[in-house]
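These notes concern the structure reproduced below.
The values are calculated or read from the model by the stated rules, or taken from the named source; none is laboratory data. A quick note: this is a predicted structure, and the numbers were derived from the prediction, not measured. Quick reminder, even Gly has a Cβ in these numbers, built from the backbone with ideal geometry, and neighbours come from all protein chains shown. For accessibility, only protein heavy atoms count, side chains too; no ligands or nucleic acids. Shrake-Rupley method; radii C 1.70, N 1.55, O 1.52, S 1.80 Å.
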Amino acid sequence: ARWFAHWLDDGPLDFPEARIFQTGSNRWESFDRWPPRTTTRSVFLQADGRIDFAPPAAGPDRFRAYESDPAKPVPSQKRPVRYPETWSEWQAEDQRVAHGRPDVLSWVSPPLTEELSLAGDAVAHLFASTSATDSDWIVKLIDVYPDSYPSEPAMGGYQFMVAGEVFRGRYHKSFERPAPLEPGRVMEYVIHLRDRSHLFRRGHRIMVQVQSTWFPLIDRNPQTFVPNIFLARAEDFKPATQRIYGSARYPTRIELPIR
């Protein structure tokens, strides 16, 4: 309304450079620049399922693995998905809908001892390999609420998705010229989780989930390289073994922009 008042009725134009809603605190903030000045702090996905601010220790190239089957995709919402009634709410969906599935890997930190505020683009550096010639890599950054949450009991244990993004492996060289993946080869996938403003409160935990299907939000990748996925045949859809590494040589991590 203020914007229209300026242009249609010569009202004042005194907007800040950015007006951002911070999840976690659930409040609006104004900034004279976006993103604001931040420092980068990485959280590392350890091979034992922990998230740590320290990189993995020297040693063998350890990994965690899962089987991705496009015939049994990970749901993006609790079933049944009622479109369009619940579609607008998918970004706030409790990620316990996927947690615990054998085709979803989860890493979690200890409870935070201090608040952690991020603003800007979180970037995942995923070191992964697949037994297939094509694959999707989905990374989700999650705020896990304490199991007991007296102020809002319904939020106890809630897994709130702060950010999530998909990278289609066929575009590892360029978006203009898709190319097959080499089965078994460890590659680094740099996945921008896009701008966010979020406050991890003290006592909450940081979780990262990695999976290779996210249906129906993302169309199914056959996991066989074909010229055009939309023309893939039924026999092109095949299971694949996915490995996510967490070692000194292959340090899978999320770079967080910390205020």
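So which residues in the range 230-246 are open to solvent by less than 60 Å² (accessible area, probe 1.4 Å) and either at pLDDT below 95 or more than 12 Å from Ser135 (Cβ to Cβ) (or both)?
Start the filter on the range 230-246 by keeping residues that are open to solvent by less than 60 Å² (accessible area, probe 1.4 Å), which leaves 232, 236-237, 240-242, 244-246.
Ala232, Asp236, Phe237, Tyr245, Gly246 - these are the residues of the range 230-246 that are open to solvent by less than 60 Å² (accessible area, probe 1.4 Å) and either at pLDDT below 95 or more than 12 Å from Ser135 (Cβ to Cβ) (or both).
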Response to the item:
Within the range 182-212, residues open to solvent by 10 Å² or more (accessible area, probe 1.4 Å) and part of a loop (DSSP other than H, G, I, E, B) come out as Glu182, Pro183, Gly184, Arg185, Val186, Arg201, Arg202, Gly203
Worksheet entry | Top-ranked residue in the range 128-156 [being more than 15 Å from Ser106 (Cα to Cα) and among the hydrophobic types (A, V, I, L, M, F, W, C); ranked as least open to solvent (accessible area, probe 1.4 Å)] | Ala132
Worksheet, complete the sentence: Quick count over the range 126-154, residues being in contact with a helix residue (DSSP H, G or I) (Cβ under 7 Å, 6 or more places away or on another chain), farther than 22 Å from Arg62 by Cβ and not in a strand (DSSP E or B), is 3
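Just to be sure I understand, how many residues within the range 33-69 are in a loop (DSSP other than H, G, I, E, B) and either in contact with a helix residue (DSSP H, G or I) (Cβ under 9 Å, 6 or more places away or on another chain) or small (Gly, Ala, Ser) (or both)? I'd like the intermediate steps shown before the answer.
Within the range 33-69, the first condition is being in a loop (DSSP other than H, G, I, E, B), and the residues that meet it are 33-38, 46-49, 53-62, 69.
Among the residues that remain, those that are also either in contact with a helix residue (DSSP H, G or I) (Cβ under 9 Å, 6 or more places away or on another chain) or small (Gly, Ala, Ser) (or both) are: 47, 49, 54, 57-59.
Looking only at that region, the number is 6.
Confirm whether Arg196 is touching a Ser or Thr at 6+ places or on another chain (Cβ under 8 Å) and either within 20 Å of Ile51 (Cβ to Cβ) or touching a residue at least 60 places away in the same chain (Cβ under 8 Å) (or both). Talk me through it step by step, then tell me what you get.
On the way: touching a Ser or Thr at 6+ places or on another chain (Cβ under 8 Å): yes; either within 20 Å of Ile51 (Cβ to Cβ) or touching a residue at least 60 places away in the same chain (Cβ under 8 Å) (or both): yes.
Considered against the rule, which asks whether it is touching a Ser or Thr at 6+ places or on another chain (Cβ under 8 Å) and either within 20 Å of Ile51 (Cβ to Cβ) or touching a residue at least 60 places away in the same chain (Cβ under 8 Å) (or both), Arg196 comes out as yes.
Looking at the range 79-87, can you tell me whether even one residue there is touching an Asp or Glu at 6+ places or on another chain (Cβ under 8 Å), modelled with pLDDT under 95 and closer than 26 Å to Ser212 by Cβ?
Going residue by residue through the range 79-87, those that are touching an Asp or Glu at 6+ places or on another chain (Cβ under 8 Å) are none.
For the range 79-87, residues touching an Asp or Glu at 6+ places or on another chain (Cβ under 8 Å), modelled with pLDDT under 95 and closer than 26 Å to Ser212 by Cβ: absent.
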Fill in: Given (1) modelled with pLDDT of 95 or more; (2) farther than 21 Å from Tyr145 by Cα; (3) surrounded by 10 or more Cβ atoms within 10 Å (Cβ to Cβ), number of the condition Ala5 does not satisfy
(1)
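For (1) touching a residue at least 60 places away in the same chain (Cβ under 8 Å); (2) in a helix (DSSP H, G or I); (3) open to solvent by less than 70 Å² (accessible area, probe 1.4 Å), each residue gets a yes or a no:
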site: Glu89; (1), (2), (3): no, yes, no
site: His99; (1), (2), (3): yes, no, no
site: Trp107; (1), (2), (3): yes, no, yes
site: Pro111; (1), (2), (3): yes, no, no
site: Val123; (1), (2), (3): yes, no, yes
